[in-house]
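Working notes, beginning with the structure itself.
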Amino acid sequence: MNFYINESCKNEERQLLHILQSFDSEGEILVKGKRNTLKIFSLGGRIINIKKFKTPNFVNRLAYKYIRKSKAKRSYEYAQLLLKKGIGTPFPIGFLENSDVLGLKDSYYVSEQLDADFTFRALVEDFSFPDFENIVKAFTRFTFHLHENGIEFKDHSPGNTLIRKTPEGKYDFFLVDLNRMNFHSSMPFELRMKNMARLTPHQHMVAMISEEYAHLCGEKPEKVFDYLWEETSKFQYHFFRKKILKSRFL
């Protein structure tokens, strides 16, 4: 067992370890997926979120123990890096890895539960969403800030950015599902466009994002749109092709 807890939470170490060891039988389920399970618990007067990653296949069990960092450990470390760069994400509390002679069995990432008002998916699914245009522009500025900091969030998809409206009527953004990221000294234009390809399949939203991003990066809106729409179309083609092929074998 490899258990690590943030220094600021050391006085709650024993309680957290007990919670993690009781994960399967206690807690309130938020998400019960095929791959991962999310639950919430109470710890020291606050609500925490624990993500249990599924047991990897045999090859990855060995890799995650001896070669690569586990998804839980990466999530924790990436959250720390994001916060240092001023990027919003739920506060990282710790992680746990359980292993045996065959490699990693399971792993858990612990963070503070962050109650958001909605995710970016709400806008993708509802064009009449209140303050739609301002939120899309603010989200684009947030994405530009990620790219300017060299952050390639590989799961930059509609459900992985939590959005909270401030009392002043502005919007704060928080990344979740953090285990797949690359950090660069700088990000070339083409990589930036590819990184936004999963955000929305709707052309008019891509046009809005392109116009705002062009204003921020100093490129012509037409160039940004052409690149981004091409990357979006590629992603949609491969996504639906994979979905169709998968359905044929079920």
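The values are calculated or read from the model by the stated rules, or taken from the named source; none is laboratory data. Predicted model only: the values in this text are computed from it and were never measured. Here the Cβ positions follow ideal geometry from the backbone for every residue, glycine too, while neighbour counts run over all protein chains shown.
Within region 39-74, being free of Cβ contacts under 8 Å to residues at least 24 places away in the same chain and either buried (at least 20 other Cβ atoms within 10 Å of the Cβ) or among the β-branched types (Val, Ile, Thr) (or both) holds for LYS39, PHE41, VAL59, ILE67.
The sole residue among PHE189, PHE239, PHE142, PHE235 that is within 19 Å of the chain's Cα centre (by Cα) and surrounded by fewer than 16 Cβ atoms within 10 Å (Cβ to Cβ) is PHE239.
Evaluation of SER8 against the conditions (1) of a type in the set (Ser, Thr, Tyr); (2) closer than 17 Å to ASN98 by Cα; (3) modelled with pLDDT under 95 shows that the sole unmet condition is (2). Do we find that LEU82 is crowded, with 16+ Cβ neighbours inside 10 Å and farther than 15 Å from GLN113 by Cβ in this structure? It is true that LEU82 is crowded, with 16+ Cβ neighbours inside 10 Å and farther than 15 Å from GLN113 by Cβ.
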